[in-house]
Amino acid sequence: MFIGASVPVLNPAGVQDVLDFGLIGWAMSRYSGCWVGMKVTAENMDAAIAADMNPERLQLVEPDDFTMPESGVHSRWPDPFLEQEERLQQHKIRAALAFARANRIDKVTLDCSQPRFGIVATGKAYFEVLHALSDLGIDEAKREAIGLQVYKVAMSWPLEPQGIGEFAAGLEEILVVEEKRPLIEDQLKSLLYSLSDDQRPRVVGKKDEAGAALLSAIAELSARDVAKAIASRLEKLASPTSLALPGSASPNSALATAPVASLPQRKPWFCAGCPHNTSTKVPEGSRALAGI
């Protein structure tokens, strides 16, 4: 819906991102004249964290490489709808991209000196990538040996081309990790399409290069799903003398979980003092409906 209305979409990975992207979204909207949307999940909106509320945390700047139209980008009266559409497509979206580029809201979060394999992730899937790398035992030294780097996308639409282009340069393959349909994957393939064969990295995500399923577009992705995909791709990229990953012969073997320790049993119950302790007890023969 946002994309159909040409509304830039910010995709926070966690609660701190929700706070930061809210400020970024306001600033981007004021600069570009665009509505700016944010994709949020119940997992983030119901979570509690120790947040950094320092007002100096974000130092947002206006782009110095974008020229605003003489009439500006904001609404005015009268404002014929065709002029609104032209202003949106020719100036406002470009202004939003320039703002994202100037403030580097998309960024490399895990780097290495000689990158070969890149992972692009957005939203909640970004933390699943970090969890998956930990499960696979890929620490900083192993990332360096593999040539693995990670790019975190803050604005999932429209995809800022300069930052992702710099990230993709020199890579052999990029794995795009995102929930649901391949939004970033399709944009990335389009941006890289015009590169020559020797410069264009292979891009996989929902499917691999042969068209086989790789990451599901159904429900949510788990760290285990992502770890399987990463292990399978690294197995294909690895040379006989390269780093031996845990479970390289079989992605599943790296993900075997340790036996769960025997824990005290506790029946689920309402929190102490919760009014649901009594409000959910109805007279015999009565029926209670859902509510909060």
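The rows are residues; the columns are (1) at positive phi; (2) of a type in the set (F, W, Y); (3) in contact with an Asp or Glu (Cβ under 6 Å, 6 or more places away or on another chain).
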position: W35; (1), (2), (3): no, yes, no
position: M38; (1), (2), (3): no, no, no
position: N44; (1), (2), (3): no, no, no
position: I49; (1), (2), (3): no, no, no
position: P55; (1), (2), (3): no, no, no
position: Q59; (1), (2), (3): no, no, no
position: T67; (1), (2), (3): no, no, no
position: G72; (1), (2), (3): yes, no, no
position: S75; (1), (2), (3): no, no, no
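Quick one: would you say W77 is of a type in the set (F, W, Y), under 30 Å from V15 (Cα atoms), assigned to a loop (DSSP other than H, G, I, E, B) and assigned by TED's automatic domain parsing to the domain that holds A13? Answer is no for this residue.
Here E43 fulfils each of the conditions (1) touching a residue at least 40 places away in the same chain (Cβ under 8 Å); (2) not assigned by TED's automatic domain parsing to the domain that holds A96 apart from (2).
When we screen E56, E43 for residues that are of a type in the set (D, E, K, R) and more than 26 Å from E178 (Cα to Cα), the only hit is E56. Against the test of being within 17 Å of the chain's Cα centre (by Cα), touching a residue at least 24 places away in the same chain (Cβ under 8 Å) and more than 24 Å from M45 (Cα to Cα), the options V150, V120, V129 yield a single qualifying residue, V150. Determine whether region 162-172 contains at least one residue that is within 18 Å of the chain's Cα centre (by Cα), assigned to a helix (DSSP H, G or I) and farther than 30 Å from I24 by Cα. There is no residue in region 162-172 that is within 18 Å of the chain's Cα centre (by Cα), assigned to a helix (DSSP H, G or I) and farther than 30 Å from I24 by Cα. Residues in region 264-280 that are surrounded by 10 or more Cβ atoms within 10 Å (Cβ to Cβ) and either β-branched (V, I, T) or more than 38 Å from the chain's Cα centre (by Cα) (or both): N277, S279, T280.
When E140, E144, E128 are checked against the criterion of being within 30 Å of A229 (Cβ to Cβ), surrounded by fewer than 21 Cβ atoms within 10 Å (Cβ to Cβ) and touching a Ser or Thr at 6+ places or on another chain (Cβ under 7 Å), a single residue qualifies: E144. Cβ-Cβ distance below 7 Å, separation of 6 or more or different chains: which pairs start in region 191-208 with a residue that is at pLDDT 95 or above and end on one that is surrounded by fewer than 16 Cβ atoms within 10 Å (Cβ to Cβ) and among the hydroxyl-bearing types (S, T, Y)? Filtered contacts from region 191-208: no entries.
When T122, T41 are checked against the criterion of being surrounded by 14 or more Cβ atoms within 10 Å (Cβ to Cβ), in contact with a Lys or Arg (Cβ under 8 Å, 6 or more places away or on another chain) and closer than 16 Å to I164 by Cα, a single residue qualifies: T122.
If the condition is being in contact with a Lys or Arg (Cβ under 7 Å, 6 or more places away or on another chain) and more than 15 Å from V153 (Cα to Cα), then region 9-38 contributes S32, G33, C34. Quick one: what pairs do we get from region 162-179, first residue in contact (Cβ under 8 Å) with a residue 24 or more places away in the chain, second part of a strand (DSSP E or B) and exposed (fewer than 15 other Cβ atoms within 10 Å of the Cβ), C-beta under 8 Å, 6+ apart or different chains? If the second residue must be part of a strand (DSSP E or B) and exposed (fewer than 15 other Cβ atoms within 10 Å of the Cβ), the pairs left are G163/K107. Among the residues making up region 56-80, a single one is of a type in the set (D, E), surrounded by 10 or more Cβ atoms within 10 Å (Cβ to Cβ) and under 18 Å from A102 (Cα atoms): E62.
The values are calculated or read from the model by the stated rules, or taken from the named source; none is laboratory data. Worth saying up front: this structure is predicted, and the values here are computed from it rather than measured. A quick note on method: Cβ atoms are made from the backbone with ideal geometry, for glycine too, and the neighbour counts reach across all protein chains shown.
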